[in-house]
Amino acid sequence: MALPWHIPLEAISNFKEKEQPIEPSQLLHYCNLNIHKNPCEELQSGLMCEIGMNNKEPAIIQRLIASGMTVARLNLRDLEPDASAQLIQSIRQAVFNYSAELDYLYPLALIVDVRGPDIITGDLKGGPHTIIELAQDQNIRLTTDASWRECGTVDCLFVGYDHLTDLHPCDIIYIDSLTSGKIKLSVLEVGDDSIECTIVNGGSIGAKMTVRISKIPHDREINTKNTREGFDSLSSESSQQPFEYMEDQIAWAVAYDIDGVLVPNAQVPQDIRHVRHILSEKGKHILVFACIDSVVGLDNIDILLSEADGIYVDKCILSTDLPVEKIFIAQKVILAKCNYAGKPCICKAVINEQIPNLCVTDIANLVLDGADVLSLELHYDSPLKKFSPSFDAVRMAEHCIAAAAVICRQAERIIWQPKTYGNLKLMQHSLEEPSKAVCVSAVELAMRSRAVVIICLTNSGRTAKILSHAKPTCPIVAVTRSCHTARQLRFWRGIRAMHYFEDAKSTWISEVESRIHSALDYCKAKRILCAGDAYVIVTSLRRGVGYCDSVRLLYASARDTIFVE
């Protein structure tokens, strides 16, 4: 018997075909693009914004979510545990308020930066507020001699790095500058406890500036802090101290149910395994993203992808280790490898108040290359405040997110589908597991039937991830009862996660139909699905199968969905 939201087969031909045929080549595809066509209704790419002390109020965060933010990022290095806990409380309050307005749970993913101790310079001779100018083409000595720790000058600076004298001539060192850009040093000579450098790019520095050594593999020192104790040490006494160890940061992330962690400057698989060891059994569900910050990490991208759950790329940081003219090549290589492996890639996107053409092109190219999430850097201390007393930084941040969302939707509309649909062929050569075979069949069925959405029922999110790996031409609506699964699916492009929380039905068939009913209501409310549109359902016919074993092709009616026992 047909369900209430199905339509009879003979009525399908009355609906006009809405999509244009796919062009045989990318050149013809671009030739026939309609510049006046509206963008996609729903954003498929994710937008990530950092939440800090400048935008910690729930009302501000709610406005950012309404503008298009799907992932919230926290930098634990600069925060104390109490301040971090307040940020988490504000974020979840904003999500609750926004969900109440929408009448469904809005899944907002949370990701944190976990960082070990940085390499920093010492204090300066004139005191903590002293600023010195490092002039270009001058020489400077960097030393590990502790006698220079509090008396640095333009001629000699202390650097807290025991392996400083392991460097070689022509190695590059970067120092954060108080002005724009970074100070660049080139090693001339290596001594017993110091190195002589020439200043390639000058600038101003103060006390305790961050130092970055280029193209040198790092040795990640395993802290002696007991990892097991870290999960139980979030007491009121320790919460007053800033995060010192990576173990402290990860223990905090596990305790507050964070969805993902960013591992800085990942270079070898041991970096990822170390973080997973700290996460242990309590945090095994948390996603681990490897940050590609150096050429060493870029060269090891294949083995890092096999260990990590995803990749994060900041082109500005990577450009300190790679020639600027090769950054776009690195971007395409990293994104292509992530798409090939079916793992999400987060890319830093440039955007500012004016939204110049450079920003539009950068964001659009990231989407066209296959980025899953775009990380936006929002500035709340804009120089425009000096010229306009009425300047609203929060409103401008909303404008930047909304503008980025529109650019992404326009780029998603013009993607030549065979370019990404080729991933299906990559999956067809090995069907060693039933989930992959079912998902490949569902994606191919959706493409041939011109389905507008694939609805899948999943618990762990694995089915939705495999569907996303196959790059279907339509969005995926993943219905899950797991809250953290709904949030984590935000990192995969094209997946719209729906947190289903209704009471369980008496039979599995009734439970499945109830979840489908909720998904169809969601699709119609979002205008993803209209009368006469084909849609594909991926589910299992009985409870406890462990994977989806059923694929159905159905057509939507104009009537509202009603559940029938």
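The values are calculated or read from the model by the stated rules, or taken from the named source; none is laboratory data. No experiment lies behind these values; they were computed from the predicted model shown. Counting neighbours? That spans all protein chains shown, and the Cβs are built from the backbone with ideal geometry, glycine included. Just so you know, the surface numbers come from the protein's heavy atoms only, side chains and all, with ligands and any DNA or RNA stripped out. Shrake-Rupley method; radii C 1.70, N 1.55, O 1.52, S 1.80 Å.
Below are the figures for this structure:
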item: Cut-off under 5 Å, modelled amide H: who pairs with ILE132 long-range; result: ILE205
item: Long-range amide H partners of ASP171 with built H, under 5 Å; result: VAL187
item: Accessible surface of LYS208 - all protein chains present, 1.4 Å probe, nearest 10 Å²; result: 110 Å²
item: Under Karplus coefficients 6.51, -1.76 and 1.60, residue-wise ³J(HN,Hα) of region 436-446 in Hz, glycine/proline x; result: 5, 5, 5, 5, 4, 5, 5, 5, 5, 5, 5
item: Accessible area (Å², 1.4 Å probe, nearest 10) - ARG276; result: 70 Å²
item: Tensor-based shape of region 443-519 (alpha-carbon gyration tensor, a/c under 1.5 rounded, otherwise prolate or oblate); result: oblate
item: Karplus (6.51, -1.76, 1.60) ³J(HN,Hα), θ = phi - 60°, over region 364-373, in Hz, Gly and Pro reported as x; result: 4, 5, 4, 5, 5, 7, x, 5, 8, 10
item: Violating pairs (Cα-Cα greater than 31 angstrom) within the set LYS284/LYS526; LYS125/LYS348; LYS56/LYS332; LYS436/LYS526; result: LYS284/LYS526; LYS125/LYS348; LYS56/LYS332
item: Estimated vicinal HN-Hα couplings, Hz - region 494-502 in sequence order (Karplus 6.51, -1.76, 1.60; Gly, Pro = x); result: x, 9, 10, 7, 10, 7, 9, 10, 5
item: Local net charge near VAL313, Cβ-Cβ under 9 Å (Lys/Arg +1, Asp/Glu -1); result: 0
item: Amide H contacts under 5 Å for TYR312, placed H, 5+ residues apart; result: ALA290, CYS291, ILE292, ILE346
item: Cα-based shape type of region 35-153, given that a ≥ b ≥ c are square roots of the gyration tensor eigenvalues and the cut on a/c is 1.5; result: prolate
